[in-house]
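Below is one structure, written out as structure tokens; the observations come after it.
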Amino acid sequence: TMSGFDALPADARQDRLEPSGAGWEKALANVKASVAGAELPFPQGYVAALFGYRRAARETFAVERSIWIAAPRERVWRAITDPAQIEMWFSPGTSWQLSALEVGGRLFVRNPETGAEMYTQVIELIDPPHRFVTRSAPPETAHVTTYRLQEERGGTRLTITHAGYELEPAEMRWNNMEQNAFGFGMMLENVWAYVEGRTLPYPGGF
């Protein structure tokens with residue numbers, strides 16, 4: 001039983017119901033075959049392919065930006081993993097919630113009208129204070145964001161890599177990468193200013 005469709009807008013609800021039903025029918029056929037020791041009727045995993053959890057690509061496309069911050073890694077780590085602090089430099093006035101700071105934890109914004117999650121990021125790796133990796137949850141394209149914190153000159157080099165553009169249509173990919181490269185640069189400037197106690201260069205957030 002898969003519930004929660006009632007929380008979606010009417011047009012999106014119908015678009016999601018039919019493919020979800022078809023996906024789970026084929027998933028159940030795979031379960032039946034697996035239990036019986038038979039060959040899977042859908043060996044590629046139909047549900048995974050349907051919702052974009054797995055797509056084949058010959059190349060990986062990513063954007064990467066970095067900035068040096070005059071603060072220890074532990075301080076920068078808190079700024080990028082504490083929802084209350086993320087609000088301060090990323091979206092002033094819009095609060096973030098975190099189910100748990102662990103693999104599988106979900107970082108998201110609540111829709112003020114429906115209470116549904118928005119812009120959800122699922123934690124894939126947590127290695128404090130060195131590396132933090134999240135993946136955007138469906139229906140968003142499955143981009144992976146990696147935060148790396150390295151000691152440098154008495155401070156911290158924070159590097160953000162945003163990968164997964166190979167999953168986007170080719171005609172949109174380069175424009176999105178260019179825009180996001182600028183966006184992540186601006187975001188890092190806000191993190192730098194917030195951690196060092198300066199005025200945010202982009203006080204409206206993103």
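Quickly run through region 93-130 and pick out the residues that are outside any loop (DSSP other than H, G, I, E, B) and either loosely packed, with under 12 Cβ neighbours inside 10 Å or in contact with a Lys or Arg (Cβ under 9 Å, 6 or more places away or on another chain) (or both). Once the filter is applied, which keeps residues that are outside any loop (DSSP other than H, G, I, E, B) and either loosely packed, with under 12 Cβ neighbours inside 10 Å or in contact with a Lys or Arg (Cβ under 9 Å, 6 or more places away or on another chain) (or both), region 93-130 yields 97, 98, 117, 118, 120, 121, 122, 123, 124, 125, 127. Can residue 190 be described as in a helix (DSSP H, G or I), out of contact with any strand residue (DSSP E or B) (no Cβ under 8 Å at 6 or more places or on another chain) and free of Cβ contacts under 8 Å to residues at least 40 places away in the same chain? In short, no. When residues in region 5-18 are screened for being open to solvent by less than 100 Å² (accessible area, probe 1.4 Å) and either under 23 Å from the mean Cα position of the chain (by Cα) or modelled with pLDDT of 75 or more (or both), 8 of them pass. Residue under question is residue 79, and the condition is that it be farther than 30 Å from residue 8 by Cα, at pLDDT 95 or above and part of a helix (DSSP H, G or I); does it hold? Here the answer is yes, as residue 79 does meet what is asked. All of (1) crowded, with 17+ Cβ neighbours inside 10 Å; (2) outside any strand (DSSP E or B) hold for residue 133 with one exception: (2). Scanning region 166-181 for residues that are among the hydrophobic types (A, V, I, L, M, F, W, C) and closer than 19 Å to residue 80 by Cα yields a single hit, 181. A single member of 149, 200 is over 15 Å from the mean Cα position of the chain (by Cα), surrounded by 15 or more Cβ atoms within 10 Å (Cβ to Cβ), assigned to a strand (DSSP E or B) and not charged (D, E, K, R), and it is 149.
Among the residues examined, residue 87 qualifies as within 21 Å of residue 200 (Cβ to Cβ) and out of contact with any helix residue (DSSP H, G or I) (no Cβ under 8 Å at 6 or more places or on another chain).
The values are calculated or read from the model by the stated rules, or taken from the named source; none is laboratory data. Everything numeric here is computed off the predicted structure, so don't read it as measured data. All Cβ positions, even for glycine, are placed from backbone atoms using ideal geometry, and neighbour counts span all protein chains on display. Ligands, DNA and RNA are excluded from the accessible area calculation, which covers all protein heavy atoms including side chains. Shrake-Rupley method; radii C 1.70, N 1.55, O 1.52, S 1.80 Å.
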